Amino acid sequence: MFALVDANAFYCSAEQVFRPQWRGRPIVVLSNNDGCIVAANKQAIALGIKKFQPYFKAQKLCETNGIIVCSSNYELYADLSHKMMQVIGRFAPSQHIYSIDESFLSFQGCEQTISDLALHAQKIRQAVWKETRLPVCVGMGKTLTLAKVANHVAKKWPGFNGVCVLDDDKTIRQVFAQLSPIDVWGIGRKSSSKLKQNGILTVLQLSQLKIHHLPAGFNVEFQRTIKELNGEVCKTWDSVRADKLQIFSTRSMGKRITNKEHLNQALAKHASIATAKARKQQSLCATLMVFVASSPFDEAPCSHKILKHFNPPTNDTSEILRVIHDNIELLFKPGIAYYKVGVGLLNLSSEKHQQWDLLNPHHHNTPLMKILDEINQRYGSDSAFFAAQGIDQQWAMRRQFLTPQYTTNWLHIPDIHC
Amino acid sequence: MKFIRITASAGITGFESPASDYLQLPLSLDALLVEHPSATFIGKADGCSMQGVGIFSGDILIVDRHVMVKEGDVIVANLNGEFICKILNISQRLLASANPHYKTIAITEADQFTIEGVVIRSIRCHRASQLLASTI
């Protein structure tokens, strides 16, 4: 048996944990730079808020209806997510954290000890709420796909009280008959419309498809989904997450960049983020990509990129910064207001299996990078940084409606009235 | 995970410490003060109503959401959208202060009231802490 535990409107709920006066009220959370709405709770959606809408289009609606608007407070979300996952993990022998607000549990090998699954699921909900003040829904099923379907039902259908267990055929058939294929994990818009053309409108019909008589154009992944819907375990989680083969750090600017110095700073900042990630997974980069662009909505949108190869490969920030500095003339064109810039590390290879080159010695300063990473790990990111990224970053991310970092910054801990 | 480091030594490195077989982890304030890390939050007391139980304005409160609430516990509650610290009187539905100058609050049907956690420790910095410097 598997369970999927998923927080309801996680970003919005996280904003309510230390602001009890916001509980029960409509909230939206904006993306980086306060660009568009990335999260909205039930109350905000009921007032007509649409997810992924640009904020300027919804601003009026928010103001007239008293909808609370927050910038993304990732420092807070990351910490509350971690705590939530710890609590959820107590309820099963094996856990897989799928995203910032979703976690799978596996009850393999201990099914007999849980006499009532629905009751166990309720206990998870209650514990998470009591200990972290985050609301979650729990879906359970014989496969990960079924757990995901169950979670959808627990969350969206009234009368389920946040818990849905799909363990008997009768309930499964009833639920399947009322769901459309797009609600199933792994079925996208494309396959869903293809299914519609073939007369398959419900998950019940989908689950009854014969694997060998599938319409053309459906792949193995799709067959596995059908098997999973029928209770046959095909998907499991890998216990170790594969290393990334590419690392990108990119962002749109809080304030457009029109000067060379600032462009260099912003690129240096992204280079630092990307190389720190590469070092964390012990990868070396053989190809560096640096790109700069104005907004695609500009009158004459323009973008430009350079590629640079490293032999031997590197993950030393200063080597990357030197390349950016040496090429800034190529990247910067006066008169362009840069909106999006970024750094990509491509062709990553493992540091452990590095091939040394006799005639081409490397220049990276591994001990320095180690100390830099340790300082930033211990005292918070950017406690020590390369001066190239600038001290007064005028182009930095705009977070106008940012709430305090209640759980990660001593200066922000909540006041308790005595 | 914390480790006790034991370095392997060879050659003329002096004498092995006679205490090396008796190494223990140093004392950790986290272990003393926080019982349930994932269910705990830290707040700052603001006001004088709890001086009778030794909580003064500016003290650090460690609030545990895991432990069961008992009669007479010092708790943090959400009362009408505000975090407050009081002594819980379950039988009479009261929030008592620990200072005669402050009145007792009766919880009524009209109040929005939830218990947010139990204050399991409070900390006073007799010399200002660097980390909290600009809050004092």
Count of residues meeting criterion [part of a strand (DSSP E or B), within 7 Å of another protein chain (Cβ to nearest Cβ) and not aromatic (Phe, Trp, Tyr)] in the stretch B:40-50: 5
Count of the stretch A:361-418 residues which are away from chain B (no Cβ under 14 Å), surrounded by 16 or more Cβ atoms within 10 Å (Cβ to Cβ) and in a helix (DSSP H, G or I): 6
Number of positions in the stretch A:80-107 that are within 14 Å of chain B (Cβ to nearest Cβ), in a strand (DSSP E or B) and free of Cβ contacts under 8 Å to residues at least 40 places away in the same chain: 2
I need the full set of residues from the stretch A:243-274 which are in a helix (DSSP H, G or I) and not hydrophobic (A, V, I, L, M, F, W, C), in order please. A:Lys260, A:Glu261, A:His262, A:Asn264, A:Gln265, A:Lys269, A:His270, A:Ser272
Could you tell me whether any residue of the stretch A:332-342 is closer than 13 Å to A:Thr275 by Cα and either within 14 Å of another protein chain (Cβ to nearest Cβ) or modelled with pLDDT of 85 or more (or both)? yes
Give the stretch A:269-281 a look and list any residue that's surrounded by 15 or more Cβ atoms within 10 Å (Cβ to Cβ) and either over 17 Å from A:His364 (Cα atoms) or of a type outside the set (Gly, Ala, Ser) (or both), or say none. A:Lys269, A:His270, A:Ile273, A:Thr275, A:Lys277, A:Arg279, A:Gln281
Select from the stretch B:101-136 the residues that are assigned to a loop (DSSP other than H, G, I, E, B), under 19 Å from B:Leu29 (Cβ atoms) and among the aliphatic types (A, V, I, L, M) and list them in ascending order. B:Ala128, B:Leu131, B:Leu132
Considering only the stretch A:10-32, how many residues are in contact (Cβ under 8 Å) with a residue 60 or more places away in the chain and not aromatic (Phe, Trp, Tyr)? 8
Tally time: how many residues in the stretch A:275-309 are charged (D, E, K, R) and in a helix (DSSP H, G or I)? 3
May I ask you to list the residues in the stretch A:108-135 that are more than 15 Å from A:Phe2 (Cα to Cα), under 26 Å from the mean Cα position of the chain (by Cα) and within 14 Å of another protein chain (Cβ to nearest Cβ)? A:Gln126, A:Ala127, A:Val128, A:Trp129, A:Lys130, A:Glu131, A:Thr132, A:Arg133, A:Leu134, A:Pro135
Pairs only if they're at least six apart or on different chains, beta carbon under 9 angstrom, first in the stretch A:333-356 and without any contact (Cβ under 8 Å) to a residue 60 or more places away in the chain, second part of a loop (DSSP other than H, G, I, E, B) and surrounded by 15 or more Cβ atoms within 10 Å (Cβ to Cβ); list them, first residue then second. A:Trp356/A:His362
Given the conditions (1) in contact (Cβ under 8 Å) with a residue 40 or more places away in the chain; (2) closer than 27 Å to B:Ile84 by Cα, every one holds for A:Gly35 apart from (2)
Out of B:Leu29, B:Leu88, which single residue is at pLDDT below 95 and away from every other protein chain (no Cβ under 12 Å)? B:Leu29
Exactly one of (1) modelled with pLDDT of 80 or more; (2) under 30 Å from A:Lys340 (Cβ atoms); (3) not in a strand (DSSP E or B) is unmet by A:Thr236. Its number? (2)
Here are the criteria: (1) within 14 Å of chain B (Cβ to nearest Cβ); (2) under 21 Å from A:Gln122 (Cα atoms). Tell me which single one A:Leu4 does not satisfy. (1)
State all residues of the stretch A:285-314 that are surrounded by fewer than 23 Cβ atoms within 10 Å (Cβ to Cβ) and in contact (Cβ under 8 Å) with a residue 60 or more places away in the chain; if no residue qualifies, say none. A:Ala286, A:Thr287
Exception for B:Ala96 within (1) closer than 25 Å to A:Arg133 by Cβ; (2) at the interface with chain A (Cβ under 10 Å from one of its Cβ atoms) falls at (2)
For the stretch B:24-39, indicate whether the set of residues that are assigned to a loop (DSSP other than H, G, I, E, B), more than 17 Å from the chain's Cα centre (by Cα) and under 21 Å from B:Ile115 (Cβ atoms) is non-empty. no
Please tell me if B:Ser129 is at the interface with chain A (Cβ under 9 Å from one of its Cβ atoms), farther than 22 Å from B:Val34 by Cβ and surrounded by 12 or more Cβ atoms within 10 Å (Cβ to Cβ). no
Those residues of the stretch A:211-223 that are touching a residue at least 24 places away in the same chain (Cβ under 8 Å) and either in a helix (DSSP H, G or I) or surrounded by fewer than 13 Cβ atoms within 10 Å (Cβ to Cβ) (or both) come to a total of 2
Residues A:Lys57, A:Lys51: which one is part of a loop (DSSP other than H, G, I, E, B), on the phi < 0 side of the Ramachandran plot and not hydroxyl-bearing (Ser, Thr, Tyr)? A:Lys51
Which pairs do you get when a residue that is farther than 15 Å from A:Lys148 by Cβ, found in the stretch A:182-210, comes within reach of a residue that is of a type in the set (D, E, K, R), reach meaning Cβ atoms under 8 angstrom, with the pair 6+ apart or on two chains? A:Leu204/A:Arg173
A:Val69: among the β-branched types (Val, Ile, Thr) and more than 14 Å from chain B (Cβ to nearest Cβ), yes or no? yes
Name the single residue that is nearest to the other protein chains (Cβ to nearest Cβ) among those in the stretch B:51-85 being in contact (Cβ under 8 Å) with a residue 60 or more places away in the chain, surrounded by fewer than 19 Cβ atoms within 10 Å (Cβ to Cβ) and assigned to a loop (DSSP other than H, G, I, E, B). B:Phe56
Which condition number in (1) among the basic types (Lys, Arg); (2) modelled with pLDDT under 95; (3) touching a strand residue (DSSP E or B) at 6+ places or on another chain (Cβ under 8 Å) is the one that A:Arg25 fails? (2)
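The values are calculated or read from the model by the stated rules, or taken from the named source; none is laboratory data. Computed from a prediction, not measured in an experiment: that's the story for all the values here. Methodologically, a virtual Cβ is constructed for each residue, glycine included, from the backbone with ideal geometry; neighbour enumeration extends over all protein chains shown.
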